[in-house]
Amino acid sequence: MQTTTNTTRPGTRLRVALSGATGRVGRRVAALLRDDPELVLAAALASPERPDLGADLGAVLGTAPFGVPLESSTERAFDVLIDLSVPSASAEQALRCAELGRPIVIGTTGQSREELESIEEAARTIAVVLAPNLSPGVAVLRELAAIARRRLGADFDVEILEYHRRGKRDAPSGTALALARALEADPPGDQPPSIPIHSVRAGDIAGEHALLFAGPGETLLLRHRALDRDLFARGARRAARWLIGRAPGLYTMSDVLASPDAR
Ligand SMILES: NC(=O)c1ccc[n+]([C@@H]2O[C@H](COP(=O)([O-])OP(=O)(O)OC[C@H]3O[C@@H](n4cnc5c(N)ncnc54)[C@H](OP(=O)(O)O)[C@@H]3O)[C@@H](O)[C@H]2O)c1
């Protein structure tokens, strides 16, 4: 994999702009960056509708000050952007980062075809991690599912079950769609490639994905559960560190995890 030179001066922390800083996951990223030795929060973004724009992010979240105001767009300097917002904003941020020549981690899910095209366009100029799931465990689940599908073959039906909090905007989840597409791209025998996805929206479930393989006389269930949202925040931080100095292109969380350097 080609890399470019990291232009950040040694001893300085990399400046992170955070889009979706008031959200469930975004606020966990902000909390994680507070004591990070390598990264520092440099800009915090939310929707233009918020009445508290201009206030310190800490005041907005009810925590100690961050020294960073909440904004709907920013002129503040940053080295990498982490986006955990809404699909339209993720596409806009990708194009803005391309203009500025800064890499972006996109954890936001549910983009339309057009929004994904904008992200792909940005990835021709800058490095982009597009990660519908930022957890290491889900990346491994995907690999295990491919092995199961190949070994069990066309005698086994495959169905995906996914559970998320009440009110999650997109269904099926971006992770479930990515899992289904990966398996559909490599069908065993002449089995019809479409894999059913069952979505449950209830309570405050951070995220659960399961793949059911059901064949003659046996079932196999591969299941991943996110126990809290810090998991995603850690994944976003890891991807942001990994992106610095990367060549332009569209990367996945598997690319990030393949490098042992960033935790
Ligand atoms: N990749 C992963 O592993 C992973 C894990 C969990 C969630 N997600 C995805 O991450 C996204 C955020 O999830 P969440 O649960 O944190 O959602 P959330 O609690 O609803 O937070 C959404 C955030 O986006 C901001 N926002 C809304 N409209 C905006 C706009 N037009 N411009 C800029 N910011 C805007 C919100 O700001 P306001 O306060 O102004 O509304 C808020 O900060 C979703 O797409 C979700 O599916 C991904």
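Ellipsoid fit via the Cα gyration tensor, the stretch 81-190: semi-axes of 30, 16, 12 Å, each the root of five times an eigenvalue, largest first. Per the Kirkwood formula applied to alpha carbons, the stretch 1-129 shows a radius of gyration over Rh ratio, Rg over Rh, of 0.96.
Evaluate the chain: find the radius of gyration of its Cα atoms, find its Kirkwood radius, and give the ratio Rg to Rh.
1.00
Couplings for the stretch 128-140, taken from phi via the Karplus curve 6.51 cos²θ - 1.76 cosθ + 1.60 with θ = phi - 60°, read 10, 9, 9, 10, x, 9, 8, 8, x, x, 5, 4, 6 Hz in order; Gly and Pro are left as x. Within the stretch 136-225, antiparallel bridges make up roughly 75 percent of the DSSP beta bridges whose residues both belong there. Entry note, the chain: the mean residue ellipticity at 222 nm calculated from DSSP H runs of n ≥ 4, each adding -39500 (n - 2.57), is -9500 deg cm²/dmol after division by the residues and rounding to the nearest 500. For the chain, the longest principal axis of the C-alpha atoms and the axis of helix 87-100 are separated by about 50°.
Working note: Karplus 6.51/-1.76/1.60 with θ = phi - 60° gives the stretch 14-24 the couplings 6, 8, 10, 8, 10, 9, x, 5, 9, x, 4 Hz, where Gly and Pro are set to x.
Using only alpha-carbon positions, what ratio does the radius of gyration of the stretch 119-263 give when scaled by 2.2 N^0.38 Å? Present the calculation step by step, with values, prior to reporting the outcome.
On the way: Rg = 16.3 Å, N = 145, 2.2 N^0.38 = 14.6 Å.
In units of the 2.2 N^0.38 Å rule of thumb, it is 1.12.
Computed from phi, the 3J(HN,Hα) profile of the stretch 246-259 under the Karplus parametrisation 6.51, -1.76, 1.60 (θ = phi - 60°) reads 6, 5, x, x, 9, 10, 10, 5, 5, 4, 4, 6, 5, 9 Hz, with x in place of Gly and Pro. Remark: C-alpha extents of the stretch 207-259 on the principal axes read 51, 25, 15 Å, sorted largest to smallest. Axis of helix 174-184 versus longest Cα principal axis of the chain: the two differ by about 40°, to the nearest ten degrees.
Throughout, read-outs are computed from the coordinates displayed, never taken from laboratory work. Computed from a predicted model, the values in this text were never measured in an experiment.
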